[in-house]
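The values are calculated or read from the model by the stated rules, or taken from the named source; none is laboratory data. Computed from a predicted structure; not experimentally measured. A quick note on method: Cβ atoms are made from the backbone with ideal geometry, for glycine too, and the neighbour counts reach across all protein chains shown. These accessible areas exclude ligands, DNA and RNA; they are computed on the full protein's heavy atoms, side chains included. Shrake-Rupley method; radii C 1.70, N 1.55, O 1.52, S 1.80 Å.
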Amino acid sequence: MESVNNLTMSELSEATQYGLHYAADIIRGSRKAVVLTGAGISTASGIPDFRSPGSGLWEHFDPFEVASLTTFRHNPENFYQWMRGLASLILEAQPNPAHYSLATLQQLGYLQTIITQNIDNLHQRAGAQNVIEVHGSLETMTCCGCYQSMQARDYVVAYLERAELPYCPKCGAVLKPDLVLMGEQLPARIWLQALQASKNCDLMIVAGSSLEVLPVAGLPMRALENGAHLILINYSNTYLDVRADVVFHEDVAGILPLLVEQVTQADLTGV
Ligand SMILES: [Zn+2]
């Protein structure tokens, strides 16, 4: 675990403190808030962005080759070798304060839906519900022969421990994790759910996404077009910074707990 999430209000700039008050007001005034999360929300849990070169996960691999559907079909061994690093990080990872904060906001009734680009299941493990995983998940696998769906954990552990490739117990074909690979379309049903939630929300919070991976990066735009508020929490700039009500260029694992504190304090004082 990196040392994050120990931010206190007094350590923050006046502008950030004001931003937190303002963002808390927007959250309290919303009825149909949606959050969109990206790799930045899981880095404090030890999982780098597996789509970014420089993450360490690409050192010996060309991402466009190994994590593509074509490679998987022709050479699943290569794919699984690449996936090994990512899978072991995900198996060991624990939710961090950012995941717990979003689950709390949801339990308090301030957040309807979580759309995530992550495949690590950490939102659910923090207690969140109604999570739309637009890039899939490592929790389940599908048989490439008979399309049977199954729980992935035992197969992933068997691969990590004994390098056993996962094969379907019914038809013997290789099993593919339900991740969206390079060059693969997002599953239509899930994509439509995310699009619908974005169009219908009155507030979108982007947490830990640089909004660079299409088509997901376009979802906040759909929300804005329908008059929603936008709160951005991400270390680096995004193309929508200029359109947002509030922007935090800070660590999400530090900011989100403070934001929840602001929302609930206002509840207690009735402000
Ligand atoms: Zn099968």
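The table below lists the values:
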item: C-alpha center-to-center spacing [region 205-271, region 112-169] in angstrom; result: 27 Å
item: The chain - charge dipole about Cα centre, Lys and Arg +1 at Cβ, Asp and Glu -1, debye rounded to 20; result: 900 debye
item: DSSP beta bridges in region 134-271 [antiparallel fraction, %, rounded to 5]; result: 50 percent
item: Normalised contact order of the chain, rounded percent, pairs of Cα under 8 Å and 6 or more residues apart; result: 26 percent
item: Per residue value of the accessible surface for the chain (all protein chains in place, 1.4 Å probe), Å²; result: 47 Å²
item: Neighbour count of at most 12 Cβ within 10 Å plus DSSP loop: longest GluC sites (Glu not before Pro)-free window in the chain; result: 165-271
item: Along each principal axis, Cα extent of region 73-198, largest first, Å; result: 46, 30, 25
item: Percent accessible area from carbon and sulfur atoms, the chain, protein chains only, probe 1.4 Å; result: 50 percent
item: Percent of Cα pairs exceeding the 29 Å cut-off, where the set is region 125-271; result: 35 percent
item: Amide H within-cut-off set for ILE132, under 5 Å, with H built and near neighbours excluded; result: ILE114, ILE115, THR116
item: Calculated Rg and Dmax of the chain using C-alpha coordinates, Å; result: 19.3, 62
item: Reach of LYS199 by Cα under 23 Å, taken over lysines that are not fewer than 8 positions away in the same chain; result: LYS32
